[in-house]
Amino acid sequence: MAKVSKKKVSRKSVRKSSTVTEKIAEVKPDVVYDDGDDEFLSKEDGNISSEEEEEEEDGKDGKDERKRQKLLEAISALGGKRQKKLGERSEAAVLMSEFTVNAEGEGDKIDLSDLIGSMEKTSAVPAKTKKQLKNLQHTNKTIECPLSKQESERIQRDVAFRKASTEVTRWKDIIKQNQRAEQLVFPLDKEPTGPRPMERMVTGWKAQTPLEQEIFALLSANKQPINDPILTPAEEASMRAMSLEEAKIRRAELQKARALQSYYEAKTRRERKIKSKKYHKVQNKAKRKEFLKKFEEMVKTDPAAALEELSKIELARMQERMSLKHQNSGKWAKSKVIMAKYDEGARKAMQQQLEVNKELTQKLVTSLNKEEEEEEAVDEEVLPDFVNDAEQRLDSSNPWMRGKLSEDPAEKELSENMDLITEGPGAVGNPAEEEEDEEEVVETEEETLLREFDSRRKWRQAHEEMEEKEPQVPEQEEEEGPQVPEQEEEEGPQVPEQEEEEGPQAPEQEEEEEPQVPEQEEEEEPQVPEQEEEEEPQVPEQEEEELSAIGEGIADSSGEAEMPEGAADSCHTNPSAQLEEGLLRIRTLEDMELLSQQEPAPDEAPAEPPATDKPPSVTPQADKTRKRKRGIELKEVLTKETKVIKVPLAPTIEDTEDTEDKLDQRGLIKEAFAGDDVVSDFLKDKRKQEDAAKPQVVDLTLPGWGEWGGTNLKPSRNKRRRFRIKTAPPPPRRDQCLPSIIVSEKRNSSISLHQVNSLPFPFQNHAQFESTIRAPLGRTWNTEQTVRKISKPKVVTQLGAIIEPMSREELMKDKKQVSTGSTSHVDSWKRKR
Amino acid sequence: MKVKVLSRNPDDYVRETKLDIQRVPRNYDPSLHPFEVSREYTRALNATKLERVFAKPFLASLDGHRDGVNCLAKHTTNLSTLFSGSCDGEVKVWNLTKRECVRTLQAHEGFVRGMVVRYCGTSFFTVGDDKTIKQWKIEAPAYGEEEEPLNTILGKTVFTGLDHHRKEGVFATCGQQVDVWDEQRSSPIRSFTWGVDSFSAVRFNPVETELLASCASDRSIVLYDMREPAPLKKVIMTMRSNTVCWNPMEAYYFTCSNEDYNLYTYDMRYLDKPITVHMDHVSAVLDLDYSPTGKEFVSASFDKTIRIFPKDGGHSREVYHTKRMQHVICIKWSADNKYILSGSDEMNIRLWKANAAEKLGVLAPRERQAANYSQKLKEKYQHHPQIKRIANHRHLPKIIYHQTREQRVMKEARRKKERNVRKHSRPGTVPVVSEKEKHVVTVVK
């Protein structure tokens, strides 16, 4: 080995270094894996210099014969006298060269310097190598001895293990994923179910049944695609028909159109995004102006189009009237209502809103209908503002019902409300208007009478209802009894006697009503319209209470008591409050304030003359104002009035019809259960339970200790006090605030047998566990889909299918997904930059 | 007068065919169903009870061997075929659907130590005490033909275990050393030794198919890579492992059955302590096999029972035993995850259900839905004491029951002693050693 290397040294220094490294590699496995150039060369440093020693060493443990030979050579060389060269191996001789060929100067010793000398002449050797070789001349290190077999094997194992473990770690993601999966379906590599592309289906399939064959024949006859159903031949032909230029032009056009569209979109989007209200206001105004101008033009040039435009405007107006917009009924308005009491700004804003509404629902007077109603228009100009006001006031009473008594009661109820509104301002109103109303005065008198009857009837109904709803309130009834005899007669048999003994549940609210009730009764005959006005709002008020009492039960009645009081107050404080049409309820002071704000609104807005209605009138000019008054003002009749926010409790007058039925039923039930008082029994029961739950005082006094003992001797009070133990009061009962419920707080041993008494493992806290238990799984409580989803088994296996172990393809699939994910990630990253 | 009339669309309540379920319109508002929890609890309780009623896992016993069954092999491509080798060198091929032996051959003299079916399912290999490896055809010889192995390799030493590569014509044997053979050659292509003289089992990793694990008699488990000249690593435990099995779905997990009554699941990358210690057997565990889904495994023990463990559970979910079953030597989980096959000392092969209460055969959709639902209910209410009590109750033979108790007492006593020692010595001198760490002596690189 050494010999060989030496020979190679003599020929090519560079080559030699590589062989040396090879040798090292065999000894040290570490080096095999990290073949950095630097290390490579540093190792080399020591090796080359120690070449000769190494050689000698090797020779020693080699053949003795050769060693001796060498020694002889060396000695002879020292002598300076050249020995005769060894001849070729042609015949048997003692001294014979091992190799057949003798080289020139074979026995000579070669120095590194010799080699370097030759190296400098050759230009092929890089300067770096030259330098390194020169450095080698001076270094004097020995090569490290090779590792023991055990050691090297250990290293090998370690390396191999690391390799294997990194290889295995690739599966980590898949394993994690499978462990977390909600459902695993085995075998894993199943063909995906669901629709497959048609092409794949068709290629491996042939028409077999006669029907199929027929269909295919038909398809092929009509040149329909069978295998590749993307385009029919005809379609393809048409595709080919369009030439390149055409296509290009078309594409350019499309591009342009698209670009323009996108510009426009961007512009409008930008405009829409501008938040400034002022900007939009101005914008709208400008638009409107422009539109009007255009319209004017159009009237002259193209009346048909103008008409169309007009109808459009009309439609918009109608829509506005139908919609709830600007009606002060939205969220915003509600919030403003709350604020309005304190905030001037809010009030104003609401006002403005109403104005906007008025404005939008205004009829547009244009030159087109001017032609028809020129005279009217002229008159209109002449007429002062108050005319409009009066007209409006008048119109608010339903014109259909004037002077007719044969009406439906329901309709009358509606109309009556309207009338009430008109009356208030009517008294205050302008004199001009009264003159025009002469006709109506008579009618209104009749109506007032009617109204009175009706209101009384309603009130009575409400009262009855109230009474039957509160059987536990005998106090009030007792007091009321003598004052309202008719009512008692009606209800006489139905009111149970036991009710009288019940005290605690009776709400105070009834007592408050008391003074009002008799007052009303007394004043039944002499009806004064002003009083009526006061009463009117109260009647629905009472009804409301009843209804709420039904809804909320006995318990809440005490809390409710404040409500009617406030309402009554508001009625009294604002006697001139103008009621609005519809079923308006005044509940709080805030409501009242809101009303006072809205009141002037109709006055401010000038009513428009009806442009379309053409009632048959003999003298249109003279009767104009009258006609307007008598005619049906659609706006007044149909338009949804701006309304105050309603409170969820909405007693309806229609209900009064049903109440009678209810009464009957309730009466029946009352009759049936006349004997037993369930409520009081329940209360007694509850009190008993409460008492039982209260902690008892424990008396631990023993007679005789520290005192005299004996018969007839009692321990002293002092002592008793000392040994009496009062336990702390228990926490408040859970049913303390729930009057109609008894909550038992005792632990039931028979139930505890079935209860989980410690938190199971995977759960962190009780709430978590409880929530899992609470959610039901069955189809009794869940929809079919949900049940299917919930009750999906974790592992699904197919009957009779062999489940193969996980294959490498899975890893590939996963990798693909990851790589696609990562590339997309990189892309996005690039884009960001 | 207003007359209100109910009118309904018949589509809403009339079923299309009489096979459909009656449609029941239902309001799912939770406030209308206040007792849902208690109702479901009752259902869960009933489901649990029914499960215990229907839990009849034992299906069949295949008898015919004239000595103890020493090894079993599943057919790789056919579910109904089973191979079994007995202690008298006889190999039997069984048809499981008919529950009968279809072929018998005298494969070896002495024990049949190992048996494995080639991945393609055309031939199978056996190793025996007569130092030979034999390859046989799956098909029985035609009439008049003699039963002859396709190939016979004469080894120098006794082979104790055998396994085949999943995708290539390479198999591994173990005896005095672990050898990797090419099917075409009569000498091993790789031979691994690491200072031990005998191995009891060798297994290829079914996922990373070049890796192997073997159990040696020096209480160690050794890992190999077929491509490397040297073994990878070994872990030495307190007692000897009998067999080892890789998880077929999770590449780096394997489980070994140990002489110390336990099974240990290791992550092959971190051998210094097992991931899970599976305890419950009361005698040496002789064999184990993973379910093909990789979620559970079954173990056979010297204590005459079979136990099914979840792969990450410390205790078994099921124990199977019969009066006549003796020491269970070998066990297999069928490839469709439905059955378990056990071969035992008393010459019988037994067929068990993997899920004791499961209904076999095709389930109607509604049947399946009901089963799923009750399964979920059982899962949901599994922590409730009554349900837990019923679900976890198993009958055990008297001996095993007493042994279990005895061992519990012993364990408790040992723990108590340790605790006392710790209490009476300087803090830190007696460290707390977890159950997992206790059983590993060292890891050799």
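Observations on the structure shown:
- Normalised by 2.2 N^0.38 Å, where N is the number of residues, the alpha-carbon radius of gyration of the range A:124-167 equals 2.04.
- Net +/- balance of residues flanking A:K172 in space, Cβ distance below 11 Å, scoring K and R +1, D and E -1: -1
- Sites A:T783 and B:V37, calculated FRET efficiency, Cβ-Cβ separation with R0 22 Å, nearest 0.05: 0.70
- Range in chain B, longest, excluding exposed GluC sites (Glu not before Pro) [loop by DSSP; at most 10 other beta-carbon atoms within 10 Å]: B:147-445
- In range of the label at B:L396: residues from the range B:254-282 whose backbone nitrogen is under 16 Å from the point 7 Å along Cα→Cβ: B:261-263, B:278-282
- Inter-chain Cβ neighbour average for residues A:772-785, partner chain, 10 Å: 5
- A simple spin-label model places pseudo-atoms 7 Å from Cα toward Cβ; at A:T169 and A:R722 they are separated by 7.8 nm.
- ³J(HN,Hα) computed for each position of the range B:82-89 - Karplus, 6.51 cos²θ - 1.76 cosθ + 1.60, integer Hz, glycine/proline x: 9, 10, 9, x, 10, 6, 9, x
- Gyration tensor verdict on the range B:224-263 (Cα atoms; rounded if a/c is under 1.5, prolate if a/b is larger than b/c, oblate otherwise): oblate
- The Cα-based radius of gyration and maximum Cα-Cα distance (Dmax) for the range B:56-155 are 13.2, 46 Å.
- Greater than 29 Å apart at Cα, pairs in A:K694/A:K714; A:K141/B:K234; A:K281/A:K348; B:K234/B:K311: A:K141/B:K234
- Residue with peak Gaussian network fluctuation, chain B [Cα springs, cutoff 10 Å], from B:N46, B:N95, B:N420: B:N420
- If you plug the beta carbon distance of A:V698 and A:D676 into 1/(1 + (r/R0)^6) with R0 = 45 Å, you get a FRET efficiency near 0.70.
- Rough spin-label spacing in nm, given labels placed 7 Å along Cα→Cβ, for B:T122 and B:N9: 6.3
- Near B:H278, the amide H atoms lying under 5 Å from its own belong to B:L263, B:Y264, B:T265; only residues 5 or more places off or on other chains count, and H is placed 1.01 Å from N.
- Shape of chain B, Cα gyration tensor, a/c cut at 1.5: oblate
- The range B:365-445: C-alpha gyration tensor shape, a/c 1.5 cut-off, then a/b vs b/c: prolate
- Within the range A:653-811: Cβ-based charge dipole about Cα centre, in debye rounded to nearest 20 (Lys, Arg +1; Asp, Glu -1): 1840
- For chain B, built as a Gaussian network whose Cα springs stay under 10 Å, the top-fluctuating residue of B:V222, B:V433, B:V244: B:V433
- Couplings 3J(HN,Hα) of the range B:153-168, computed from phi: 10, 8, x, 7, 10, 6, 9, 10, x, 7, 8, 10, 5, 6, 10, 10 Hz, in residue order, whole Hz [Karplus 6.51 cos²θ - 1.76 cosθ + 1.60, θ = phi - 60°; x for Gly and Pro].
- The simple Förster model, with R0 at 60 Å and r as the Cβ-Cβ distance, assigns B:E367 and A:Y342 a FRET efficiency of 0.30.
- Mean per-residue shielding of peptide B:35-42 is 4, counting Cβ atoms of other chains within 10 Å of each Cβ.
- Positive dipole terminus of the range B:47-198, leading residue within B:W136, B:G68, B:T48 (C-beta point charges): B:T48
- Considering only B:N355, B:N205, B:N258, the mean-square fluctuation computed in a Gaussian network model of chain B, springs between alpha carbons under 10 angstrom, is largest for B:N355.
- Separation of alpha-carbon centers, the range A:668-707 and the range A:231-264, rounded to whole Å: 92
- Average beta-carbon neighbours from other chains, 10 Å sphere, peptide B:331-340: 3
- Separation of alpha-carbon centers, the range B:283-327 and the range B:1-66, rounded to whole Å: 35
- Per-residue Karplus couplings for the range A:779-794, computed as 6.51 cos²θ - 1.76 cosθ + 1.60 with θ equal to phi - 60°, are listed in order as 7, 6, 10, 10, 6, 4, 4, 4, 4, 4, 5, 5, 8, 5, x, 6 Hz, Gly and Pro entered as x.
- Sequence-distant residues sharing a close amide H with B:D129 (under 5 Å, placed H): B:F111, B:R113
- When the residues B:R227, B:R240, A:R68 are ordered by accessible surface, computed with a 1.4 Å probe over the protein chains alone, the sequence from largest down reads A:R68, B:R227, B:R240.
- Positive dipole terminus of the range A:274-367, leading residue within A:S329, A:T361, A:A305 (C-beta point charges): A:S329
- The alpha carbon centroids of the range B:356-397 and the range B:150-210 are separated by 43 Å.
- For the pair B:S217 and B:S191, label points projected 7 Å from Cα toward Cβ lie 1.8 nm apart.
- DSSP-loop trypsin sites (Lys or Arg not before Pro) across the range B:1-48, with at most 16 other Cβ within 10 angstrom: B:K2, B:K4, B:R8, B:R15, B:K18, B:R23, B:R26
The values are calculated or read from the model by the stated rules, or taken from the named source; none is laboratory data. Because the structure is predicted, anything quoted here is derived from the model rather than measured. All Cβ positions, even for glycine, are placed from backbone atoms using ideal geometry, and neighbour counts span all protein chains on display. The area values use the complete protein model at the heavy-atom level, side chains included, leaving out ligands, DNA and RNA. Shrake-Rupley method; radii C 1.70, N 1.55, O 1.52, S 1.80 Å.
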